[in-house]
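Written out below as structure tokens is the structure these notes cover.
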Amino acid sequence: NCHDTGTFLQNGIEVDCECKAFLISKKLKELSGVAEGDVFSCFRSDFYSDIVDKEKYGIAVSPKTQMEAIYKRCIYFVQNFDSPSTHNMVFFGNSGLGKTFLGNCIINALTDKGISCLYMPATSLFKPFTPSYSGQENASDLVEFILNCSLLLIDDLGSEKQTDTRYAELLEILNTRELNSKKGLCKTIITTNLEPKELFSRYGE
């Protein structure tokens, strides 16, 4: 449509072509670090039990009903990502339940819209902030991206090596992103196997 210029005129107004949007989306997916196959269309609620057992599962509905509600919440998050009323999210629960998968689905859906996202395992999240890492190539760019990308997915918080400075580093990341969210899109998703009370004991209020 644009003859490889990236833009074309539509009713006298210059607009981005679909080819440009596709290339931007492709580049953003590469930068995000997630598998392109993790998409919402692959979500299957039949992987989860439809039996209600509060004693076993700790919830008053079936795991299937619970996951369907979480899935809908993730869709809402993507559709309303630019709304101030759409807040950060924390997914917690045992391993293998689909927390990372849904986080990746969100990233893939947002990068399709040209929104900058980054997937960071908790085991790697803090490395760019250490003095030993700072001299490496692109270290400052990675720190900048962690602090400023539109969506940061911190995966498996609690799996990282615990040090005396870990709390301060996490606080710096979350506080900086919270301040950035006052000026533009800067939201965070955290997945963890820890229960909320375990998070509080490990990282503080």
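The values are calculated or read from the model by the stated rules, or taken from the named source; none is laboratory data. Because the structure is a prediction, the values reported are computed rather than measured. Please note: Cβ atoms are built from the backbone with ideal geometry, for glycine as well, and neighbour counts cover all protein chains shown. Accessible surface areas use protein heavy atoms only, side chains included; no ligands, DNA or RNA. Shrake-Rupley method; radii C 1.70, N 1.55, O 1.52, S 1.80 Å.
From Gln136, Gln162, grab the single residue that is under 19 Å from Leu31 (Cβ atoms) and of a type outside the set (Val, Ile, Thr).
Going through Gln136, Gln162 in turn, the sole match is Gln136.
Out of the residues in region 28-45 that are of a type in the set (Gly, Ala, Ser) and not in a loop (DSSP other than H, G, I, E, B), state the one that is least open to solvent (accessible area, probe 1.4 Å).
Here the answer is Ser32.
Taking Leu152 as meeting all but one of (1) crowded, with 18+ Cβ neighbours inside 10 Å; (2) assigned to a loop (DSSP other than H, G, I, E, B), write down the number of the exception.
Result: Leu152 passes all but (2).
So for region 140-149 (the condition being part of a loop (DSSP other than H, G, I, E, B), closer than 26 Å to Pro84 by Cβ and without any contact (Cβ under 8 Å) to a residue 60 or more places away in the chain), does at least one residue qualify?
Yes.
For region 168-193, how many residues are of a type in the set (A, V, I, L, M, F, W, C) and either in contact with a Ser or Thr (Cβ under 9 Å, 6 or more places away or on another chain) or modelled with pLDDT under 90 (or both)?
Total satisfying the criteria: 5.
I'm checking my understanding of the structure. Among residues of region 46-78 that are assigned to a loop (DSSP other than H, G, I, E, B) and either open to solvent by less than 90 Å² (accessible area, probe 1.4 Å) or in contact (Cβ under 8 Å) with a residue 60 or more places away in the chain (or both), which one is nearest to Ile107 (Cα to Cα)? Before you say what the answer is, go through the steps one by one.
Taking region 46-78 first, the residues assigned to a loop (DSSP other than H, G, I, E, B) are 48-53, 58-62.
From what is left, the residues that are either open to solvent by less than 90 Å² (accessible area, probe 1.4 Å) or in contact (Cβ under 8 Å) with a residue 60 or more places away in the chain (or both) are 48-49, 53, 58-62.
Numbers: Tyr48: 23, Ser49: 27, Asp53: 32, Gly58: 29, Ile59: 28, Ala60: 30, Val61: 28, Ser62: 27 Å.
Here the residue is Tyr48.
Within region 115-136, which residues are within 27 Å of Met67 (Cα to Cα) and crowded, with 16+ Cβ neighbours inside 10 Å?
Ile115, Ser116, Cys117, Leu118, Tyr119, Met120, Pro121, Ala122
For region 160-189, which residues satisfy the criterion of being more than 16 Å from the chain's Cα centre (by Cα), among the charged types (D, E, K, R) and open to solvent by 70 Å² or more (accessible area, probe 1.4 Å)?
Within region 160-189, Lys161, Asp164, Glu172, Lys182, Lys183 qualify.
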